[in-house]
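Participant: I'd like to ask you about the structure that follows.
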Amino acid sequence: MDSAAEEGRQSAGPPAVGQFRRALEAGQNWPTALLEAMAQWTAPQESDNGRTNTYLIGGEAFDWLLLAERLCSEADGLMSDADREALLFQGRFPPRFDTARIKDMLGVDKYRAYLNYYYGVTVEEALQLAVELEVQKRRLSNGLQGAGDYSEDAFRKLYGSAKSVLLDAFRRSRGHAPKRSMSMSESKEFTYWLFKYRVSRSDKARIASDTRKGLDQLDRMRRADRARR
């Protein structure tokens with residue numbers, strides 16, 4: 001690729017994209033370069049190659065992994081495949097990187113949105129799975145055999161209503177038209193809406209208990225993943 005074409009590639013898109021690539025080319029470690037680029041990112045939503053990326057869910061939750069995917073798409077040859085896969089599929093930085101730096105590097109507001117996503121989407125999804133597994137275990141212990149979909153029982157236990165009813169309420173609140181399928185973006189937005197809905201209906205003790213349950217499930221999943229690797 002000639003220099004003019006390369007310059008055009010680097011100048012395309014938001015400034016943070018070029019900043020990330022230039023930092024990697026200058027030899028900066030990629031976690032620092034990535035987080036610095038994220039700190040500079042301002043667009044809550046972006047259309048990229050015909051795909052709409054929503055980086056700020058509900059105006060409150062920062063989908064940092066989606067933004068990481070967007071930035072890393074511009075870093076071909078500048079990150080190892082192993083590092084990229086660990087980041088995008090497991091949310092993992094290299095062991096040598098001190099994750100305590102994330103708060104200072106992102107800044108107060110963006111870090112708060114980062115935590116909103118972690119608890120409102122990542123932990124909420126883990127909590128849903130944990131409750132589904134509890135329902136399955138209870139059914140099996142009662143002699144009910146066979147595989148099944150336990151999500152409806154889990155939703156009733158967590159949110160007090162059927163998933164279809166909650167989904168309709170969510171879509172009405174957002175002005176979304178009813179449809180058969182759900183995009184990944186809408187799924188995350190729905191999960192965050194469910195998190196806020198659950199918190200609004202629960203006392204502090206129940207919120208703390210559910211959060212612990214979700215965090216424990218995440219820990220089990222991470223330990224299982226490490227054992228497989």
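Derivation of every value follows stated rules applied to the coordinates shown; laboratory data play no part. Quick caveat, the model's predicted, so the values are computed rather than measured. Don't worry about glycine lacking a Cβ; one is built from the backbone with ideal geometry, like all the others, and counts go over all protein chains shown.
Participant: Determine which aspartates and glutamates satisfy two conditions relative to Lys163: a Cα distance under 17 Å, and not lying fewer than 8 residues away in the same chain.
Facilitator: Within the straight-line limit of under 17 Å, Lys163 reaches these aspartates and glutamates: Glu124, Glu125, Glu132, Asp149, Glu152, Asp153, Glu186, Glu189.
Participant: Tell me the label only: which of [x] 29, 20, 16; [y] 36, 21, 17; [z] 42, 21, 18 is semi-axes √(5λ) of the Cα gyration tensor in Å as calculated from this structure?
Facilitator: Matching the structure shown: [y].
Participant: Can you give the helix-only mean residue ellipticity at 222 nm for the chain, where every DSSP H stretch with n ≥ 4 adds -39500 (n - 2.57) and the sum goes over all residues, rounded to the nearest 500 deg cm²/dmol?
Facilitator: Working: 12 runs with 147 residues, N = 229.
Computed ellipticity for the chain at 222 nm equals -20000 deg cm²/dmol.
Participant: Classify the range 21-154 as rounded, prolate or oblate, taking a ≥ b ≥ c as the square roots of the eigenvalues of its Cα gyration tensor: rounded when a/c is under 1.5, otherwise prolate if a/b is larger than b/c and oblate if not.
Facilitator: Values: a/c = 2.31, a/b = 2.05, b/c = 1.13.
Prolate shape, in that a/c is at least 1.5 and a/b is the bigger ratio.
Participant: Provide the gained length on full extension for the span Gln28 to Arg212, in nm with one decimal, where the gain is 0.36 nm per separating residue minus the Cα-Cα distance. Before the final figure, lay out each step's value.
Facilitator: Numbers: separation 184, 0.36 × 184 = 66.24 nm, distance 3.68 nm.
Additional length available on full extension: 62.6 nm.
Participant: Something else: Do any GluC sites (Glu not before Pro) in the range 51-104 lie in a DSSP loop with no more than 16 other beta carbon atoms within 10 Å, and if so, which?
Facilitator: Numbers: sites: Glu60, Glu69, Glu74, Glu85; in loops: Glu60, Glu74.
Of the GluC sites (Glu not before Pro), the ones in loops of the range 51-104 whose Cβ has at most 16 other Cβ atoms within 10 Å are Glu60.
Participant: May I pose another question? Cα gyration tensor of the range 56-105, axes a ≥ b ≥ c as square roots of the eigenvalues: rounded (a/c below 1.5), prolate (a/b > b/c) or oblate? It would help to have the intermediate numbers written out before the result.
Facilitator: Numbers: a/c = 2.09, a/b = 1.26, b/c = 1.65.
In terms of gyration-tensor shape, oblate.
Participant: Going down the table (Lys157/Lys213; Lys157/Lys179; Lys188/Lys213; Lys137/Lys213), which pairs top 18 Å between alpha carbons? Before the final figure, lay out the partial values.
Facilitator: Values: Lys157/Lys213 14 Å; Lys157/Lys179 25 Å; Lys188/Lys213 20 Å; Lys137/Lys213 15 Å.
Those over the limit are Lys157/Lys179; Lys188/Lys213.
Participant: Here is a further query. Between Asp219 and Ser185, what's the calculated FRET efficiency when r is the beta-carbon distance and R0 is 25 Å? Round to 0.05.
Facilitator: 0.40
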